[in-house]
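A.B. asks: I'd like to ask some things about the structure below.
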Amino acid sequence: MRAHEAGALHADINARGPAWLREPVDANALVPHLWPGTAEKVDGVLHVGGTDLRALAAEVGTPAYVLDEEDFRSRARAFRDAFSSYDVFYAGKAFLCTTVARWVAEEGLGLDVCSGGELTVALRAGTDPARIGFHGNNKSTAELRAALEAGVGRIVLDSFDEIARLERLTAELGRVAPVMVRVTAGVEAHTHEYIATAHEDQKFGFSINAGDALAAVRQVHGSEGFELLGLHSHIGSQIFDTSGFEVAARRVLALQGRVRDELGVEMPELDLGGGFGIAYTLQDDPADPKDLASELTSIVEQECRARGLAVPRLAIEPGRAIVGPAMCSLYEVGTVKKVALDGGAVRTYVSVDGGMSDNIRTALYDADYSATLASRSSDAPVVLGRVVGKHCEAGDILVKDEFLPGDVAPGDLLAVPGTGAYCWSMASNYNHALRPPVVAVRGGSARVVVRRETVEDLLATDTGAGTGADPTQEREQ
Ligand code: LLP
């Protein structure tokens, strides 16, 4: 069993933090590769997209997510250009709103969705349905129907139940569904267990090993309701080296060969999924999209050559690597507490006005983040800080270890980089927190692309049944 976050961390009494953390030469300076491309400090104040974040905080409040439009677009373009012979789908689960769906289309990428909700956002944004891929291990009949009626370009089949469900729908609607078969290649990606998806003992896809994948392909091939595009494999997330893709590609292409031998068809496409890692802290050293593209392509070409297969049209689905570094979170410090640890060390707990409701990743995956003082410069000697939220839970930690100026105080702003992926999208109303806005910045102007929730939003689903009052209205005292 994994130790509880708070418990495990209490046991760590090293005043210098984890081994990878280095005391900065200048705590005011940004570590460039952790931040959006346009981020800079101007007289100690963090600017992103030409926008002064202290002024922005005064205008829109905190916490807030700040999204660098140019950075997002340039990462999307970098993937599109590096993988120019591929179909590149942006994985909307990382972060999606209608504005971002439009940017994705404008930059020439397709869009990957995994729920009826994400599909609705994509369609509302005007995304060409033919360029949408639809994932999920338990898509409902209603979701499948919506995808078919919209003309979604690929539905990724994940179970025998789903094959039957979709087949019935194609007959009922008189449509042919373009589909891929999601396979599990039995690869252990070196990432957190909950975000690794291609080993055997998990819920996604059809096992190649157990023969389910071949059985699924046979079934799909034999049905009039389906157009079989190819196989789909996604091995996990926050992956840095291509060795996992190599093993997966070998197994997936072995299956492609068996299908050709047995059914006489070479499936025209192959989707390698997403999962490319980003830098959250100094520990991480992500690959350049160009290097990823040449490595993945040569892996696939080599395997195809070895089996006498034509190279299928390839696709990838990066989410985190496009939006992750494009956003940072902005918080205001509320309290600062020096906590004496066993052995004489002191940890400075800096509480901010957000927390695990706007970034659950530290608590859920033991993820590491970094932070910087965003509203001023400081010459104070650094202290080992821990940035925590305001939730009623000891594991409500945002940044486990970071050197911060020793004079950090209530009213200061802190910014946490790398929060574009799976932070807003996994945000909750825990403790009835209001989910923060997402503010897109570019060329000195700021636009709220997702507004902050209001108390009215919070109460909108609370029916008040049995209380004799409407909770959306204030009570007369
Ligand atoms: N394609 C498929 C089929 C996926 O399941 C995923 C992520 C992606 C693409 C995009 O992966 P990315 O490039 O963003 O790593 N909540 C976790 C990550 C869960 C990923 C789920 N699937 C986290 O915060 O790390």
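The values are calculated or read from the model by the stated rules, or taken from the named source; none is laboratory data. Note that the structure is a prediction, hence the values are computed from the model and not measured. Note that we place each Cβ from the backbone using ideal geometry, even for glycine, and neighbour counts take in every protein chain shown. These area figures cover heavy atoms from the full protein model, side chains too; ligands, DNA and RNA do not enter into them. Shrake-Rupley method; radii C 1.70, N 1.55, O 1.52, S 1.80 Å.
A.B. asks: Can you give the accessible area of Ser84 in Å² (nearest 10), computed on protein heavy atoms with a 1.4 Å probe?
C.D. replies: The accessible area of Ser84 comes to roughly 90 Å².
A.B. asks: Then there's this: Of the listed peptides 18-30, 240-252, what is their order by residue-averaged count of other C-beta atoms within 10 Å, with the highest listed first?
C.D. replies: So the order, starting with the most tightly packed, is 240-252, 18-30.
A.B. asks: Going by Cα centres, segment 63-89 and segment 295-360 are how many Å apart?
C.D. replies: 15 Å
A.B. asks: Follow-up question, since we're still on this one. Quick check on segment 163-312: what does the Kirkwood estimate of hydrodynamic radius come out to from the alpha carbon pairs, in Å?
C.D. replies: Radius from the Kirkwood sum: 16.3 Å.
A.B. asks: Continuing with the same structure: Largest first, what is the accessible-area ranking of Glu456, Glu200 with a 1.4 Å probe?
C.D. replies: Of Glu456, Glu200, the descending order of accessible area is Glu456, Glu200.
A.B. asks: Then there's this: Averaged per residue, what accessible surface does the chain expose to a 1.4 Å probe, in Å²?
C.D. replies: Using a 1.4 Å probe on heavy atoms only, each residue of the chain averages 42 Å².
A.B. asks: Something else about it: Need one number: % antiparallel among DSSP beta bridges in segment 70-324, to the nearest 5.
C.D. replies: On the way: 1 of 29 bridges.
The answer is about 5 percent antiparallel.
A.B. asks: Continuing with the same structure: Report ³J(HN,Hα) in whole Hz for each residue of segment 174-185, in order, from the Karplus equation J = 6.51 cos²θ - 1.76 cosθ + 1.60 where θ = phi - 60°; Gly and Pro get x.
C.D. replies: x, 10, 9, 8, x, 10, 10, 10, 6, 10, 9, 8
A.B. asks: Can you find, among Ala105, Gly468, Gln238, the residue farthest towards the positive end of the dipole of the chain? Put +1 on the C-beta of Lys and Arg, -1 on that of Asp and Glu.
C.D. replies: Ala105
A.B. asks: Of the heavy-atom accessible surface of segment 338-458 (probe 1.4 angstrom), what whole percent is carbon and sulfur?
C.D. replies: Working: 2360 of 4420 Å².
The computed percentage sits at 53.
A.B. asks: Let me ask you something else. Which order do His391, His432 take when ranked by solvent-accessible area (1.4 Å probe, heavy atoms of all protein chains), largest first?
C.D. replies: In descending accessible area the options line up as His432, His391.
A.B. asks: Still on this structure, I have one more. When all protein chains stay in place, what accessible area (Å², nearest 10, 1.4 Å probe) is found for Thr335?
C.D. replies: Answer for Thr335: close to 70 Å² accessible.
A.B. asks: Counting Lys +1, Arg +1, Asp -1, Glu -1, what net charge surrounds Val247 among other residues with beta carbon under 15 Å of its beta carbon?
C.D. replies: -4
A.B. asks: Relative contact order of segment 285-392: what whole-number percent is it, with Cα pairs under 8 angstrom and at least 6 residues apart?
C.D. replies: 22 percent
A.B. asks: Further, regarding this structure: If the only charges are +1 at each Lys and Arg Cβ and -1 at each Asp and Glu Cβ, what is the size of the charge dipole of the chain around the Cα centre, to the nearest 20 debye? Don't jump to the answer; show the numbers that get you there.
C.D. replies: Working: 45 positive and 68 negative charges, 76 e Å.
It comes to approximately 360 debye.
A.B. asks: Pairs of alpha-carbon atoms within less than 8 angstrom and 6+ residues apart define the contacts here; what relative contact order does segment 70-324 have, in percent?
C.D. replies: Result for segment 70-324 is 20 percent.
A.B. asks: Take the solvent-accessible surface of the protein heavy atoms, probe 1.4 Å, and return the percent of it on segment 97-252 that carbon and sulfur atoms account for.
C.D. replies: Its accessible area is 46 percent carbon and sulfur atoms.
A.B. asks: Can you give the Rg to Rh ratio for segment 102-177, taking only C-alpha atoms and Rh from Kirkwood?
C.D. replies: With Rh from the inverse mean 1/r over Cα pairs, Rg/Rh is 0.97.
A.B. asks: In addition: For Ile132, enumerate residues with amide H under 5 Å from its amide H, sequence gap 5+ or separate chain, H modeled in the peptide plane.
C.D. replies: HN-HN under 5 Å from Ile132: Leu111, Gly153, Arg154.
A.B. asks: Right, next: Could you give me D for the chain, from Stokes-Einstein at 25 °C and 0.890 mPa s, where the hydrodynamic radius is the Kirkwood radius over C-alpha pairs? Units µm² s⁻¹, please.
C.D. replies: In µm²/s, the coefficient is 103.
A.B. asks: Shifting gears a bit: How big is the accessible area of Lys139 in square angstrom, nearest 10, if you roll a 1.4 angstrom probe over the protein chains?
C.D. replies: The value for Lys139 is about 0 Å².
A.B. asks: Here's another thing I want to ask about it. Which value, in Å to one decimal place, does the Kirkwood hydrodynamic radius take for segment 45-125 when every pair of different Cα atoms is included?
C.D. replies: This gives a value of 14.1 Å.
A.B. asks: In whole Hz, what ³J(HN,Hα) sequence does segment 333-338 give by Karplus (6.51, -1.76, 1.60; θ = phi - 60°), x for Gly and Pro?
C.D. replies: 6, x, 9, 10, 10, 8
A.B. asks: Below 10 angstrom from the Cβ of Tyr349, what's the summed charge of the other residues (Lys, Arg +1; Asp, Glu -1)?
C.D. replies: Surrounding charge for Tyr349 is +4.
A.B. asks: May I pose another question? Work out the length of the dipole vector of segment 70-324 about its Cα centre, built from +1 on the beta-carbon of each Lys and Arg and -1 on the beta-carbon of each Asp and Glu, and round it to the nearest 20 debye.
C.D. replies: Here the size comes out at about 500 debye.
A.B. asks: Can you give me the relative contact order of the chain as a percent, contacts being Cα pairs under 8 Å and 6 or more apart?
C.D. replies: That works out to 20 percent.
A.B. asks: Leaving ligands and nucleic acids out of the surface, order His234, His33 by accessible area at 1.4 Å, largest first.
C.D. replies: Result, largest first: His33, His234.
A.B. asks: Take every DSSP beta bridge whose two residues both sit in the chain, then give the antiparallel share in percent to the nearest 5.
C.D. replies: Roughly 50 percent of the beta bridges in the chain run antiparallel, per DSSP.
A.B. asks: Could you work out the local net charge near Leu109, counting Lys and Arg as +1, Asp and Glu as -1, over the other residues with Cβ closer than 12 Å to its Cβ?
C.D. replies: Working: positive: Arg73, Arg75, Arg77, Arg80, Arg102, Arg131; negative: Asp81, Asp87, Glu106, Glu107, Asp112, Asp128, Glu317.
With Lys, Arg at +1 and Asp, Glu at -1, the net is -1.
A.B. asks: Considering every pair of different Cα atoms, what Kirkwood radius, in Å, is found for segment 70-324? Don't jump to the answer; show the numbers that get you there.
C.D. replies: Details: mean 1/r = 0.0550 Å⁻¹.
It works out to 18.2 Å.
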